[in-house]
Amino acid sequence: MAEPNSTFKPIKPKLKPKPRTPKQTPESKYWSSFKTHQIPDLISSITSLTFSPSPPHPFAATHSTSLKIFNPQTLSPSSTISSFSDVVSSASFRCDGLLIAASDLSGLIQVFDVKTRTPLRKLRSHTRPVRFLKYPLHDKLHLVSGGDDAVVKYWDVASETPLLELLGHKDYVRCGDFSPVSHEMCVTGSYDHTVKLWDVRVTGSKTVMEVNHGKPVESVVFLPSGGLVATAGGNSVRIWDFIGGGKMVYSMESHTKTVTSVCVGRVGKENVEEGREHRVLSVGLDGYMKVFDYGRMKVTHSRRFPAPLMSIGFSPDCGVRVIGSSNGVMYVGKRKMKEENVESSLRSFWSLGVEQERRVMRPSYFRYFHRGQGEKPKEGDYLVMGPKKVKLAEHDKLLKKFRHKEALVSVLGNKNPENVVAVMEELVARRKLLKCVENLDNEELGSLLMFLQKYSTVPRFSGLLMGLTKKVLEMRVEDIRASEALKGQIRNLKRSVEEEIRIQHSLQELQGIISPLLRIAGRG
């Protein structure tokens, strides 16, 4: 007999079952790592969420006639501003995080000191409710606002006067954003279905570019490159290339109801700024939050919340994600940040001048010959992996010794369908399966027929087992006729096959009924 191969590996089934739920991708794991905490009792719908650009990045939420600022570490309100006469609609932090501006439905815009909550400026010019306002990313002196009077105003905050009135929208102006690369460029969205790009340096207050979203625009945001803009309206989020002349790059329509807010988030390795990739986060009245990768043009993550969602914000340090709902509940997702490396703590330990005495290692010590074996590999080290000892099951040991029939009988006794099919596939590859079936005694044949009756109609095994069933009936017909027990097994097998055929016919009938309805619904 040939010597068994020393590198024999345990057999595995080739017909692997497909998981019912798709495997979670690394990006889904990243977004799922934001553990959600609820902040209830904010009275009414949360219309706006904004994060401070300066660490530790507190966030502000507008609801009813109040503006609340929250601590991102404890998720508790650090201050509340209530000096409003009407519902607060929007808020925006200045680039240094020291001031915050807020607007309400009376048309008034106020600028507050974040620490003292003192109102510093009051900007009055809008004749109708103000729906949005925004500070530029690198400008402390100006802000832009828009509202139901269809006018976009560019303000000099210090003098409390509008420098420009940007006219062009024909309906309520509901949203806007400043370019991340230029504090003179801003974009606004309106219920007249248009999104307009403005340059405050252009004389005559004329729009630089205009695109038509096709539905009332609820939210608009510049993407980090400054050339792309994401707009939300109806049930779609659309990406526009403003550098390329206002061309629509993609339309994401995975929401089933109106998309109410979009923002930009980042995903990637911690503490590696250049390794992060940007994503568009959107929420809608269907209660879903969607994460859209506009580089690959696909939705990479989705999550359902128990209420219609009105606003969303994402912290600059990628540690907190906040979603505001229509029933006054905030869903705050906080990501667990990794603790500092042990090396940094060791460095601080040595910097205190504390030195640890170590005994000199000599060849006379046993530890000398084992030094370094407990060291953990560092980044960049080349690892040489030692061979792992392979543990073989009983049927693997029998296959290794070419005892084919005993391997088949052994695995049939364990009643694990995965292993049984794996052994059968290996015997087919060795051209020994039919020989083994031919040499089975009546009791072993009964075990095989019982297995075939139970698993031959399972979809992932049926391709192999139905063919084997036919061969068994042809080869062992005389033995089956001579045994009442084997005849009973065949009757059970026949009933299983007939039941499976009946189920398949019923499914085909249902498919015939549903398919025309789906085609009609697709046309609508």
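Per-structure values
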| item | result |
| --- | --- |
| Cα-based Rg of region 221-267 normalised by 2.2 N^0.38 Å, two decimals | 1.15 |
| J(HN,Hα) series, region 54-69, from Karplus relation 6.51 cos²θ - 1.76 cosθ + 1.60, nearest Hz, glycine and proline x | 9, x, x, 6, x, 10, 10, 10, 9, 7, 6, 9, 10, 10, 10, 10 |
| P(r) tail fraction, region 132-185 - alpha-carbon pairs more than 12 Å apart, % | 62 |
| Area accessible to solvent at Lys432, 1.4 Å probe radius, in Å² | 80 |
| Region 91-161 shape via C-alpha gyration tensor axes, a/c threshold 1.5 | prolate |
| Surface per residue (accessible, 1.4 Å probe) for region 27-85, Å² | 43 |
| Apportionment of accessible area to carbon and sulfur, region 409-524, percent (1.4 Å) | 54 |
| Acute angle (nearest 10 degrees) that the helix 442-455 long axis makes with the longest principal axis of the chain, alpha-carbon atoms | 20 |
| Charge context of Leu433, other residues only, Cβ under 11 angstrom, K/R +1, D/E -1 | +3 |
| Surface per residue (accessible, 1.4 Å probe) for region 377-458, Å² | 64 |
| Degrees separating the helix 484-523 axis from the principal Cα axis of the chain, which is the longest one | 20 |
| Relative contact order (%) - the chain, alpha-carbon pairs under 8 angstrom, separation at least six | 10 |
| In order through region 459-472: 3J(HN,Hα) via Karplus (6.51 cos²θ - 1.76 cosθ + 1.60), integer Hz, x for Gly, Pro | x, 6, 10, 5, x, 8, 6, 5, x, 5, 4, 4, 5, 4 |
| D_trans [Stokes-Einstein, Kirkwood Rh over alpha-carbon pairs] for the chain, 25 °C, 0.890 mPa s, µm² s⁻¹ | 84 |
| Sequence-distant residues sharing a close amide H with Thr65 (under 5 Å, placed H) | Val88 |
| Added length on full extension, which subtracts the Cα-Cα distance from 0.36 nm per residue, Asp479 to Gln73 | 138.6 nm |
| Relative contact order [Cα under 8 Å, 6+ residues apart], region 191-269, whole percent | 23 |
| Karplus-derived 3J(HN,Hα), 6.51/-1.76/1.60, for each residue of region 214-229, Hz, glycine and proline x | x, 9, x, 8, 9, 7, 8, 8, 6, 7, x, 5, x, x, 10, 10 |
| Normalised convex hull volume, region 206-312, alpha-carbon set, Å³ per residue | 113 |
| Placed amide H near His301: partners under 5 Å, 5+ positions off or other chain | Val291 |
| For region 60-216, diffusion coefficient by Stokes-Einstein and Kirkwood Rh (Cα), 37 °C, 0.692 mPa s, µm²/s | 208 |
| Shape of region 375-524, Cα gyration tensor, a/c cut at 1.5 | oblate |
| Entries in Lys12/Lys397; Lys29/Lys290; Lys153/Lys196; Lys68/Lys215 that, when Cα-Cα distance is taken, lie over 22 Å | Lys68/Lys215 |
| Equivalent ellipsoid dimensions for region 76-132 as semi-axes, Å, which come from the Cα gyration tensor, largest first | 19, 12, 10 |
| Nearest 10 degrees, 0 to 90: helix 417-430 Cα axis against the chain principal axis | 60 |
| Net +/- balance of residues flanking Leu163 in space, Cβ distance below 14 Å, scoring K and R +1, D and E -1 | -4 |
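The values are calculated or read from the model by the stated rules, or taken from the named source; none is laboratory data. None of these values were measured; they are calculated from a predicted model. A quick note on method: Cβ atoms are made from the backbone with ideal geometry, for glycine too, and the neighbour counts reach across all protein chains shown. We work out accessible area using only protein heavy atoms, side chains counted, and drop any ligands, DNA or RNA first. Shrake-Rupley method; radii C 1.70, N 1.55, O 1.52, S 1.80 Å.
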